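Asks: Please find one structure pasted underneath; my questions will follow.
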Amino acid sequence: MEKRTRSGNAPDRLALWTGRLFAPPVLPVAAGCALSWRAALLAWGITAAGCAALGVTVIALGVRRGWWSDWELSRRAERPVPLACATAGALVVWLACWWLGAPRELLVPASLAPLGGAAFLVCTRRGKVSLHTSAAAGGVALLSFEMSGWCAVIGVPLLALIGWSRVRLGAHTAPQVWAGCSLGAGLTAVVLWLAG
């Protein structure tokens, strides 16, 4: 599958900007910040956003130094190292927040970052699942379960747009997009259900 990165037509530009605006950390971090704001614990949300920025910085450094071909880690062979680093970083941050006494209502959703990273590492050994749709589906599911089912009214069409953009750009096949959605939403649902 050949990935399209530049085109003059409107659908390709829409797909490209959708992928950029809803890169993997965006919706989960927004969901975490919304939950921390709702619980009047904004400092924990700012911490989560800072950790996501650190992960983006690592990817940017890798792209700049030529370790990875692009921001989206579109080559499957390039994914294990940055995913392992992101997973380890998310676990360290979660452990630090737990040790510092972060409240349970934020620790449970925050556990999705290292668990999701680990799940992605396993999936990457078998195929190329969409990081964009997995992260977006996880963020939408988190907001829908924890805040309001109405979040799904906005979230599901947004997920469809993100999935379409990944297929349109040639970054993923439709089954890879569906697999990403299933992984993100499914993992979020299971973790929240187990946490009660």
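Asks: Which of (1) charged (D, E, K, R); (2) over 30 Å from Leu14 (Cα atoms); (3) touching a Lys or Arg at 6+ places or on another chain (Cβ under 9 Å) does Arg104 not meet, given it meets every other one?
Replies: That leaves (3) as the condition not met.
Asks: Something else about it: Can you tell which of Leu187, Leu169 is among the aliphatic types (A, V, I, L, M) and farther than 22 Å from Ala118 by Cα? Lay out the reasoning, then the answer.
Replies: Working: Leu187 fails: farther than 22 Å from Ala118 by Cα.
One residue alone meets the criteria, Leu169.
Asks: Right, another one. Quickly run through region 52-70 and pick out the residues that are of a type outside the set (A, V, I, L, M, F, W, C), modelled with pLDDT of 85 or more and either open to solvent by 60 Å² or more (accessible area, probe 1.4 Å) or in contact with a strand residue (DSSP E or B) (Cβ under 6 Å, 6 or more places away or on another chain) (or both). Don't jump to the end; show me each part of the working.
Replies: Let us first name the residues in region 52-70 that are of a type outside the set (A, V, I, L, M, F, W, C), namely 55, 57, 62, 64-66, 69-70.
Still in the list and also modelled with pLDDT of 85 or more: 64-66.
Of everything in region 52-70, those that are of a type outside the set (A, V, I, L, M, F, W, C), modelled with pLDDT of 85 or more and either open to solvent by 60 Å² or more (accessible area, probe 1.4 Å) or in contact with a strand residue (DSSP E or B) (Cβ under 6 Å, 6 or more places away or on another chain) (or both) turn out to be Arg64, Arg65.
Asks: Here's something else I'd like to know. Restricting attention to helices (runs of 4 or more DSSP H) lying wholly within region 86-196, give those where 2 or more residues are modelled with pLDDT of 85 or more.
Replies: Details: elements: 104-110, 112-126, 131-146, 151-168, 174-195.
Output list reads 112-126, 131-146, 151-168, 174-195.
Asks: Let me ask something else. I'd like to check something: does region 124-147 contain any residue that is crowded, with 20+ Cβ neighbours inside 10 Å and over 15 Å from the mean Cα position of the chain (by Cα)?
Replies: Yes.
The values are calculated or read from the model by the stated rules, or taken from the named source; none is laboratory data. Bear in mind the structure is a predicted one, so any value in this text is a computation, not a measurement. With ideal geometry, Cβ positions are generated from the backbone for all residues, glycine too; neighbour counts draw on all protein chains shown. Remember, those area values only see protein heavy atoms, side chains included, never the ligands or the DNA or RNA. Shrake-Rupley method; radii C 1.70, N 1.55, O 1.52, S 1.80 Å.
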